[in-house]
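What follows is a single structure, written as structure tokens, with notes after it.
The values are calculated or read from the model by the stated rules, or taken from the named source; none is laboratory data. As the structure is a prediction and not an experimental result, all values here were calculated from the model. Every residue, glycine among them, receives a Cβ derived from its backbone with ideal geometry; neighbour counts consider all protein chains shown. These area figures cover heavy atoms from the full protein model, side chains too; ligands, DNA and RNA do not enter into them. Shrake-Rupley method; radii C 1.70, N 1.55, O 1.52, S 1.80 Å.
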Amino acid sequence: MVIDPFGRAISYVRISVTDRCDFRCVYCMAEDMTFLPKADLLTLEELDRLATAFVDLGVRKIRLTGGEPLVRRNVMWLLGQLGRHVASGALDEQTLTTNGSQLERFAGDLVRAGVRRVNVSLDTLDRDRFAAITRWGRFDKVMAGIEAAKSAGLSVKINAVALKGVNEDELDRMVAWCGAEGFDLTLIETMPLGDIDGDRTEQYLPLSVVRARLAERWSLTDIPFRTGGPARYVRVEETGGRLGFITPLTHNFCESCNRVRVTCTGTMYMCLGQEDAADLRGPLRASESDEPVKDAIRAGIARKPKGHDFVIDRRHNRPAVGRHMSVTGG
Ligand code: SAM
């Protein structure tokens, strides 16, 4: 396994397979986004080679993300290919983060490709709010997708970004709904990534506040459960469900960061909240051998920074980095 300068073993890679998305969530993207020319993207074969190089270097978990991973043409081919690493035991898991819009169509294929769990991003259970948050999303399609994933046997985790004045009054209902459906729920603090049309200071809701409010209604017990990601979990005793908190602002968890992220053009970011990056596309294309790209991965990880320093307040009303989450991959 590759170890970074702070002694953290890199066992997890998130790969963005496209920067495009069929939604325009208000906290994630501006409505009028410019996307990368398709020629800049790694081909699916190159993504497979790259992912396999990471597996050779000891990565145990791969998450495909984006943009919306399921809108990348033929992405199921890639998932099918990566499934061989799960089947051989080289990978513990391949999974994906999706907005759910294409799940109805792909749930069965995902299971056949060896995917066992999916994270579905859903910030509200209210149809009108859903339309306002996602701008372009269709609520019924997403709900049908979630149902299809469940029926196909996928375990579903719902990810919701907690937004002040937008869904804060609904988080309680989401805990109840996820508990009843058998879904884990993870709440996420909004992060200052990329320019958006609105004002992040107005949207930011610390999860310390949310947790205290939820604890008035639910019995929350800390549990040591981990999925390899940054969430800290509690059990909701009344439902038996798990509730995770991802708190990049109120509690920086960088000391246990085990991840790097690769964009769809093959740029590896060693930290979501820092600019430094390593180009993997050049070495991938320069040689049929995978050694040059593995060297580039090792060299990038050798520069992995200690952590991010996100701040959202009136005096820091600029993104920490210019890249949107849809570029680096969520
Ligand atoms: N399209 C997929 C989806 O919707 O899950 C994958 C990509 S999306 C960028 C991944 C996750 O990032 C989503 O859960 C989204 O809510 C979250 N996200 C986007 N921008 C964010 C921000 N500024 N702060 C916190 N989370 C953000």
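Observations
- Among residues of region 106-130, those that are in contact (Cβ under 8 Å) with a residue 24 or more places away in the chain, out of contact with any helix residue (DSSP H, G or I) (no Cβ under 7 Å at 6 or more places or on another chain) and either over 19 Å from residue 229 (Cβ atoms) or not charged (D, E, K, R) (or both), counted: 6
- Residue count, region 285-330 (criterion: open to solvent by 50 Å² or more (accessible area, probe 1.4 Å), more than 16 Å from the ligand (Cβ to nearest atom), in contact (Cβ under 8 Å) with a residue 24 or more places away in the chain and hydrophobic (A, V, I, L, M, F, W, C)): 1
- Criterion violated by residue 21 - all others in (1) without any contact (Cβ under 8 Å) to a residue 12 or more places away in the chain; (2) within 9 Å of the ligand (Cβ to nearest atom); (3) not charged (D, E, K, R) satisfied: (1)
Yes/no per residue for (1) more than 22 Å from residue 190 (Cα to Cα); (2) open to solvent by 20 Å² or more (accessible area, probe 1.4 Å):
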residue: 66; (1), (2): no, no
residue: 75; (1), (2): yes, no
residue: 81; (1), (2): yes, yes
residue: 94; (1), (2): yes, no
residue: 100; (1), (2): no, no
residue: 106; (1), (2): yes, yes
residue: 110; (1), (2): yes, no
residue: 120; (1), (2): no, no
residue: 123; (1), (2): no, no
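- Unmet requirement for residue 14, which otherwise passes all of (1) charged (D, E, K, R); (2) part of a loop (DSSP other than H, G, I, E, B); (3) touching a residue at least 60 places away in the same chain (Cβ under 8 Å): (2)
- Selection within region 170-224: residues that are away from the ligand (no atom under 14 Å from the Cβ) and of a type in the set (Ser, Thr, Tyr). The member of this set that is nearest to the chain's Cα centre (by Cα) is 208.
- Residue ranges of strands (runs of 3 or more DSSP E) in region 164-246 with at least 3 members touching a helix residue (DSSP H, G or I) at 6+ places or on another chain (Cβ under 7 Å) and either without any contact (Cβ under 8 Å) to a residue 12 or more places away in the chain or aliphatic (A, V, I, L, M) (or both): none
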